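First the structure, in the form of structure tokens, and then the observations on it.
The values are calculated or read from the model by the stated rules, or taken from the named source; none is laboratory data. Please read all numbers here as calculations on a predicted model, not as lab measurements. Here Cβ is always computed from backbone atoms with ideal geometry, including for glycine, and neighbour counts include all displayed protein chains. All accessible areas refer to the heavy atoms of the entire protein, side chains included, with ligands and DNA or RNA removed. Shrake-Rupley method; radii C 1.70, N 1.55, O 1.52, S 1.80 Å.
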Amino acid sequence: MAELLLDPNIRLYVFIPIVMICLFVGLIRHYVTILLQSDKKTDLNQVEDTHLLRRARILRENGDHIPRDAFMMRRHYFNGPDGVLKAEKASPAAANPMTDPSMIMDMMKGNLTNMIPMVVIGGWINWTFSGFVTTKVPFALTLRFKDMLQRGVQLTTLDASWVSSASWYFLNVFGLRSIYSLFLGQDNEADQSKMMQQMTATPGAPPDMKKAYRDEWEALEVRNHRWTLENITDVILYKTNSVDSSYQISHKSR
């Protein structure tokens with residue numbers, strides 16, 4: 001395999017510009033997406049179900065901090081014969097994008113702010129910086145990685161660890177998640193991997209509350225209660241007597 005010595009100008013005019021272009025395009029996409037977002041209607045039934053499940057989870061996770069009678073009374077409210085977690089819930093119906101104009105508009109906005117800039121900027125970078133070798137990964141790779149890391153550079157004698165300019169762009173597109181989280185927070189619109197997950201997910205599919213109710217009912221039903229403050233009086237008296245005894249011994253020794 002041929003060893004290369006890169007020109008320092010490649011770092012200044014190819015390597016760093018590609019990183020900065022990807023970073024600024026992600027920041028602009030984040031704010032443009034926020035501006036184009038439409039107000040979503042809040043489903044009161046979904047909010048009620050979410051709060052109910054949260055209360056049941058809090059009881060299941062922190063039930064040992066209340067007396068047994070209080071825990072059993074609350075669990076009966078959730079899991080009793082007429083408990084709220086045993087209520088019949090209708091199966092969720094997925095929204096049809098073809099009959100909902102707002103959903104179609106949201107999909108068009110998502111393509112406008114995600115796919116089109118990625119394709120346009122990627123084509124421009126591939127045309128402007130075509131044929132450059134930008135960097136090398138610090139570990140050895142097999143020849144299977146040449147097609148992924150050396151797009152636009154067809155050299156059979158080149159080591160697979162070298163990265164071309166086109167491949168460096170795609171690595172930055174999907175590899176700047178930590179930088180976006182640092183500038184924009186965890187829930188940002190600049191992360192391309194998040195966009196890909198949203199595209200593969202079923203559009204408009206609401207959560208299955210029937211299954212969530214059943215799972216939470218089963219988890220709360222097998223929950224055993226053990227009050228953490230059951231012997232707290234004896235513990236406090238024991239520690240108080242120990243402190244008094246040690247104080248008396250130290251006082252007599254003086």
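Near the amide H of L158, under 5 Å away, which other amide H atoms are found, from residues 5 or more places off or on another chain, if H is placed in the peptide plane?
Answer set, sorted by chain and number: A2.
Multiply the residue separation of R144 and E88 by 0.36 nm, subtract the distance between their alpha-carbon atoms, and state the gained length in nm to one decimal.
Contour length minus Cα-Cα distance gives 14.8 nm.
Of M73, M107, which has the most accessible area with a 1.4 Å probe, and how do the rest follow in descending order?
From most exposed to least exposed: M73, M107.
Using only the Cα atoms of region 1-84, build the gyration tensor, take square roots of its eigenvalues as a ≥ b ≥ c, and label the shape rounded, prolate or oblate: rounded if a/c is under 1.5, else prolate if a/b is larger than b/c, else oblate.
prolate
How much accessible surface does R214 have with a 1.4 Å probe, in Å² rounded to 10?
Near enough 110 Å² of accessible area.
Hey, if we sort F129, F71 by accessible area with the 1.4 Å probe, largest down, what's the order?
F129, F71
Once phi is turned into ³J(HN,Hα) by the Karplus curve 6.51 cos²θ - 1.76 cosθ + 1.60 with θ = phi - 60°, what whole-Hz value does each residue of region 115-130 show in order, with x for glycine and proline?
Karplus values, whole Hz, x for Gly and Pro: 6, 4, x, 5, 5, 5, 5, x, x, 5, 5, 5, 7, 6, 9, 5.
7 Å from Cα along Cα→Cβ at both V47 and T228: what's the point-to-point distance in nm?
3.2 nm
Using modelled amide H (1.01 Å from N, peptide plane; none on Pro or chain starts), what sits under 5 Å from the amide H of T135, excluding residues fewer than 5 places away?
Long-range HN contacts for T135: V163.
Leaving ligands, DNA and RNA out of it, rank F170, F15 by accessible area with a 1.4 Å probe, largest first.
Values: F170 95, F15 55 Å².
Final ranking, largest accessible area leading: F170, F15.
Tell me, what HN-Hα J-couplings in whole Hz come from the Karplus equation 6.51 cos²θ - 1.76 cosθ + 1.60 at θ = phi - 60° for each residue of region 157-174, using x for Gly and Pro?
8, 7, 4, 5, 6, 6, 10, 7, 5, 5, 5, 5, 5, 5, 5, 6, 4, 9
What's the FRET efficiency of V32 with R11 using the Cβ-Cβ distance as r and R₀ = 35 Å, to the nearest 0.05?
On the way: r = 30 Å, r/R0 = 0.86.
Computed FRET efficiency for V32 and R11: 0.70.
Say a paramagnetic label sat at a point 7 Å from the Cα of R214, along Cα to Cβ; which residues of region 55-70 have their backbone N under 20 Å from it?
Under 20 Å, as judged by backbone N against the label point of R214, lie 56-57 of region 55-70.
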